[in-house]
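Written below as structure tokens is the structure these notes are about.
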Amino acid sequence: MGSFLSDARASPENMLIVEVSSNSYERLIKLAPRALEIPFLATMGPVFVTAGFAALVIVYGVYRRYTRISLTDVPGPDSASFIMGNMKELYQGQAAEADFKWQAQYGNVIRFKSAFGEDQLMISDPAALQYIFVKSGYRFPKQCDRRVLSQMINGKGIIWADGDDHKRQRRVMLPGFGAPESKAFLSLFKGCAESMSNKWTDIISNSKEQSAVLNVSAWLSRATLDAIGQGTCYAGSTITFLSSCFSAAFDIRFSSIDNNESALGHSYRNMMTDAFGSQSDSQIFFQGVSKYIPPRVLEYFANTSKNPRVVRIRETGSVATSVAKQMVKDKAEMLLQGKGSRDVFSLLVKANMDTDAKAKLTEEELFAQMRTILFAGHETTSNTVSFALLELAKHPEIQSRLRAEIWETEAAVHARGDVDFTIADFEAMTYTTAVMKEVLRYCCIVYHVHRYASQDDVLPLSQPITTRSGDVIYELPVPKGTRIVASIAAYNRNKELWGEDAHVFNPDRWLDGTAKEKKATSIGVYSNLMTFIGGVRACIGWRFAVIEIQAFLTEIVGKFEFAPTDKTERIRREACLVMTPTVAPRNDKEY
């Protein structure tokens, strides 16, 4: 067995490297993390923070602090500085590192300081989150500066939209994301996973040592991009036809698994880490004061800035929009000719054509939906499966038990004369489902969701809070404008819901009744997890994600075995808007 090929400073690309070996019956993969050169965020740059503006911010911040309901009595960490507050601790560590530390010290409702002493809340309390996302979803909209960021990445689509715009967009999109539509993609997802595993087998077979080192994250990114791209083209057909159809729709053939990378695939590669890696002090400071900058000013700089990170995002958006435009044109022509299919984009275009004029998506919104599905649909899934393989490598007993169930089910499928797994087979695989749920709980890729209170409100609490002054409160008054970090990661590690071993990867919690999937304060759309959020802003494609993850896990774990290398301990849960597996450089002080 070999070792990692490079560390973060030796490799120009993000890499999740594995070593693969084979014998006559099964293949062995040694898992290593993605290595990367960590970029800086610097989306807007400190140049805009002038001394005069800073002074204005200070005056305004002090005024707001002393003329509204105070949160200062809520438990939380002491501020490191008036200017930076606790933001460096929150945003310069690994994903959710501060969340877990603060949750252990202060509970599930935490007050922390932003720039210039502004009080913000980090919340992982089930009752409070249920109120924010399920009962009062539109009263807690996305923060304006965060909406500008969403617009930069995917345009004015469903992730960007709020209020009536969001209701209208979601209504048009829902027909493409129902349970029947999602289940129809199983064979497609399985086919993409099989194509990838066949490539791995070929690489192993051609190695003298019957082993090879593979960049697993890169493979998974390409395979999931193929899956989402092909799936949005024509559901239920063969892989060969899908590739042809996708090529005809865009004049682009993804075929990413075959190393035939399209312009879009190349543009998406490493985009999040290139643009949103570790943040410097000045970038964190700008993030803290950006709330005071009018959204139109932020949009202007997003559209004109020469900063390399901003330019990178714009270029990716331009390529994705050109693909979306061609897709909409081709789909509309097919529908007019009576040749529409049941794929997501056809259903979306058809629903928009059938909708009355006031409820229709604009052309810009339609393109944004395409961009959102293509980008979010493969980035989150590939990272989730990457972390799943890491945890299975660390826990060989779990991996062996999972593989045994996959083989047992596969034998039953073949015995009845079928070739592939069905949805019913997946639903009957109780341990495989438990492993997948535990991966989604333990390794949630979107670890923070940002909201603010649009009016004075009162949050219910599942557990009372003892304030800094010693009072016990059972609900929390929240002043208008309060910025809230909903910690998805900390909620998914809440011991009241998931047991005392919530910080341990343990699929059995889903089988022995430890996991509270059906508690009264249920929030998430899937097994009470917040991984797909909940309420009116729940992930519209969560069913697709669940089926795709299970398809990839059953295919590759059924054929390969994963084991850690000597560098596994240096894996980082890199914070770049989404959680990404990376490997720390050799001289990293943390290691």
Notebook entry, point to check: How big, in percent, is the set of alpha carbon pairs in segment 262-371 lying more than 21 Å apart?
Noted result: 53
Notebook entry, point to check: What whole-number value in Å² describes the accessible area per residue of segment 94-236 for a 1.4 Å probe?
Noted result: 31
Margin query: How much accessible area per residue does segment 373-498 have, counting only protein heavy atoms and a probe of 1.4 Å, in square angstrom?
Written below: 36
Note to self: Counting only other residues whose beta carbon sits under 12 Å from that of ILE159, what net charge do I get with K and R as +1, D and E as -1?
What the structure shows: +4
Item checked: Computed FRET value (nearest 0.05) for LYS480 with GLU333, which takes r as the C-beta separation and R₀ as 41 Å -> 0.25
Item checked: Bins of 5 Å from zero: percent of alpha-carbon pairs in segment 323-454 -> 2, 8, 12, 12, 12, 11, 13, 12, 10, 5, 2, 0
Next item on the list: Ignoring everything but the protein chains, give the 1.4 Å probe accessible area of SER278 in square angstrom, nearest 10.
Entry: 30
Check: Beyond 16 Å, what percent of the Cα pairs of segment 517-591 remain?
Finding: 70
Note to self: Per residue, how much accessible surface does segment 518-591 expose to a 1.4 Å probe? Answer in Å², no decimals.
What the structure shows: 35
Next item on the list: Would you mind telling me the share, in percent, of accessible area of segment 285-343 contributed by carbon and sulfur at probe 1.4 angstrom?
Entry: 54
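The values are calculated or read from the model by the stated rules, or taken from the named source; none is laboratory data. Computed from a prediction, not measured in an experiment: that's the story for all the values here. Don't worry about glycine lacking a Cβ; one is built from the backbone with ideal geometry, like all the others, and counts go over all protein chains shown. Accessible surface areas use protein heavy atoms only, side chains included; no ligands, DNA or RNA. Shrake-Rupley method; radii C 1.70, N 1.55, O 1.52, S 1.80 Å.
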